[in-house]
1. Condition test on A:Ile80, is it among the aliphatic types (A, V, I, L, M), within 14 Å of chain B (Cβ to nearest Cβ), farther than 30 Å from A:Phe9 by Cα and under 23 Å from the mean Cα position of the chain (by Cα)?
2. When the residues of segment A:88-111 are filtered to those that are under 22 Å from B:Asn53 (Cα atoms) and among the charged types (D, E, K, R), which remaining residue is surrounded by the fewest Cβ atoms within 10 Å (Cβ to Cβ)?
3. Can you name the residue in segment A:90-101 that is closer than 28 Å to B:Arg132 by Cβ and free of Cβ contacts under 8 Å to residues at least 12 places away in the same chain and is also nearest to the other protein chains (Cβ to nearest Cβ) among such residues?
4. Here are A:Glu19, A:Glu26, A:Glu45: which of them is within 24 Å of B:Leu66 (Cα to Cα), more than 14 Å from chain B (Cβ to nearest Cβ) and touching an Asp or Glu at 6+ places or on another chain (Cβ under 6 Å)?
5. Return the residue satisfying two criteria in turn: it lies in segment B:136-149 and is free of Cβ contacts under 8 Å to residues at least 60 places away in the same chain and part of a helix (DSSP H, G or I), and of such residues it is nearest to B:Tyr227 (Cα to Cα).
6. Quick check: anything in segment A:162-178 surrounded by fewer than 20 Cβ atoms within 10 Å (Cβ to Cβ), within 30 Å of A:Phe64 (Cα to Cα) and either over 13 Å from the mean Cα position of the chain (by Cα) or assigned by TED's automatic domain parsing to the domain that holds A:Leu110 (or both)?
7. Quick one: which residue in B:Lys152, B:Lys133, B:Lys118 is assigned to a helix (DSSP H, G or I) and either in the same structural domain as B:Ile221 (by TED's automatic domain parsing) or out of contact with any helix residue (DSSP H, G or I) (no Cβ under 6 Å at 6 or more places or on another chain) (or both)?
8. Of all residues in segment A:50-96, how many are of a type in the set (S, T, N, Q), under 19 Å from A:Trp201 (Cβ atoms) and outside any helix (DSSP H, G or I)?
There are 2 protein chains.
Amino acid sequence: MKKLKVVAFDADDTLWINEPLFQQTERRFCDMLEDFLPHHTISQELLKTEIQNLKHYGYGTKSFMLSMIETAISISGKAIGVELIEKIIALGKEQLNAPVEILTGIPEVLDQLHGKYKLIMATKGDLLEQERKLKRSGLEHYFHHVEIVSEKNEAEYERIIKHLDIAPENFLMIGNSLKSDVVPVLNIGGYGFHIPYHTTWEYEKIDIKIENPKFRQLENIAEVLKYIV
Amino acid sequence: MKKLKVVAFDADDTLWINEPLFQQTERRFCDMLEDFLPHHTISQELLKTEIQNLKHYGYGTKSFMLSMIETAISISGKAIGVELIEKIIALGKEQLNAPVEILTGIPEVLDQLHGKYKLIMATKGDLLEQERKLKRSGLEHYFHHVEIVSEKNEAEYERIIKHLDIAPENFLMIGNSLKSDVVPVLNIGGYGFHIPYHTTWEYEKIDIKIENPKFRQLENIAEVLKYIV
């Protein structure tokens, strides 16, 4: 990895806690509707609605709010009142304004790498939401710039690398999603480090065995320093 | 303007029609609720809700949808059923999938400028939504890259200029909003051309007289070529 110049970090569940916030909101949403269906069936219906809506809405909390509203109406057979819709909107706003909880070891690793490599943050999701989380995190000063994309695929990583004016072998992406952070980067010739988070959104789960010399499976963020300091 | 290197275009109501789509959706929304209040009062309440929600949601159609839902519930005193919420969601999805209608003269002007200057598109709004509109517009190939920001203010324009590795006097922004496209760019030393669109969102309206040698008030996009070809 002698040619490494740029280290890119995923944000949600790599730098800070995210999926548990969605899961907490979802549990409270299921509680509201438990007269109609058991929790796990509501969750399944919600996931279906979210995936169907991805092409319209993309990722992020606003999309999640709209999908919760749609799911609540459909699974109740329109038997709910608008008070419940108000509660869903309140849940969503609460999630949007939740404090940002940085994951263990992140500031120490960023401190070590900062100045040695160009650090960027590369995330998908809602623009305003991710910018706001970065500001609240206090980590902003570590990053040369931030790339917020609507989908993390090969084409977008190629654009990011072109924009950085580097070759793929100068680029390392670190993140908790094999599907979004690792596989597409390896596919275009970059390095990918996977740090699993204890919980992953259903939609991000893939079953894959990676054999690629540019891939590393890590246990935690501190292990990054074994390979690139 | 001898030092001009980069010409940035706003997107909504500069490259393509946008505000009329929001107005059409809003009229249909007001129609649904006319048993409760007259149209203009509903519009006023909706605008209030939208502005209050900007800090949570930012710009774009999803934010507009959530604000319409909230407004419908509050102005009806919770007297509406969830069928109406479903109709609002359907209106929003229809707007998200509306065809992109390019404004008169745009391709001709982009053709003339392309190759002479680096052209970029600089817009606020929802990431996925703006990317999708650009793809559908068929104008993507004219632009070196696209900047989608959560707010168009001095700090964001400074970041864009720094990212382009140019000085403010190398930068021209063209758009229909004095508030978002012209004033902040002039304030940091760039050029700003204003091309009013026949209708403007209330929130973007400002009453200002600009006296700045780097400002031009144009009638239509073709006039750009009088100054910079």
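1. On the way: among the aliphatic types (A, V, I, L, M): yes; within 14 Å of chain B (Cβ to nearest Cβ): yes; farther than 30 Å from A:Phe9 by Cα: yes; under 23 Å from the mean Cα position of the chain (by Cα): no.
Answer is no for this residue.
2. Step one: list which residues in segment A:88-111 are under 22 Å from B:Asn53 (Cα atoms), which gives A:88-100.
Now drop any that are not among the charged types (D, E, K, R), which leaves A:93-94.
Working: A:Lys93: 17, A:Glu94: 14.
So, considering only residues that are under 22 Å from B:Asn53 (Cα atoms) and among the charged types (D, E, K, R), the one surrounded by the fewest Cβ atoms within 10 Å (Cβ to Cβ) is A:Glu94.
3. Going through segment A:90-101, the residues closer than 28 Å to B:Arg132 by Cβ turn out to be A:91-93, A:95-97.
Still in the running and free of Cβ contacts under 8 Å to residues at least 12 places away in the same chain: A:93, A:97.
Numbers: A:Lys93: 6, A:Asn97: 7 Å.
So, considering only residues that are closer than 28 Å to B:Arg132 by Cβ and free of Cβ contacts under 8 Å to residues at least 12 places away in the same chain, the one nearest to the other protein chains (Cβ to nearest Cβ) is A:Lys93.
4. Working: A:Glu26 fails: touching an Asp or Glu at 6+ places or on another chain (Cβ under 6 Å); A:Glu45 fails: touching an Asp or Glu at 6+ places or on another chain (Cβ under 6 Å).
Step by step, each of A:Glu19, A:Glu26, A:Glu45 is checked, and only A:Glu19 is within 24 Å of B:Leu66 (Cα to Cα), more than 14 Å from chain B (Cβ to nearest Cβ) and touching an Asp or Glu at 6+ places or on another chain (Cβ under 6 Å).
5. The qualifying residue nearest to B:Tyr227 (Cα to Cα) is B:Tyr142.
6. No, segment A:162-178 contains no residue that is surrounded by fewer than 20 Cβ atoms within 10 Å (Cβ to Cβ), within 30 Å of A:Phe64 (Cα to Cα) and either over 13 Å from the mean Cα position of the chain (by Cα) or assigned by TED's automatic domain parsing to the domain that holds A:Leu110 (or both).
7. On the way: B:Lys152 fails: assigned to a helix (DSSP H, G or I); B:Lys118 fails: assigned to a helix (DSSP H, G or I).
Answer to the check: B:Lys133.
8. So the first thing to find is which residues in segment A:50-96 are of a type in the set (S, T, N, Q), and the list is A:52-53, A:61, A:63, A:67, A:71, A:74, A:76, A:95.
Checking the rest, the ones that are also under 19 Å from A:Trp201 (Cβ atoms) come to A:52-53, A:61, A:63, A:67, A:71, A:95.
Retained after the next criterion (residues that are outside any helix (DSSP H, G or I)): none.
Residues that pass the stated criteria total 0.
The values are calculated or read from the model by the stated rules, or taken from the named source; none is laboratory data. Since we're looking at a predicted model, the values are computed, not measured. Neighbour counts are summed over all protein chains in view; Cβ atoms, including those assigned to glycine, are modelled from backbone coordinates with ideal geometry.
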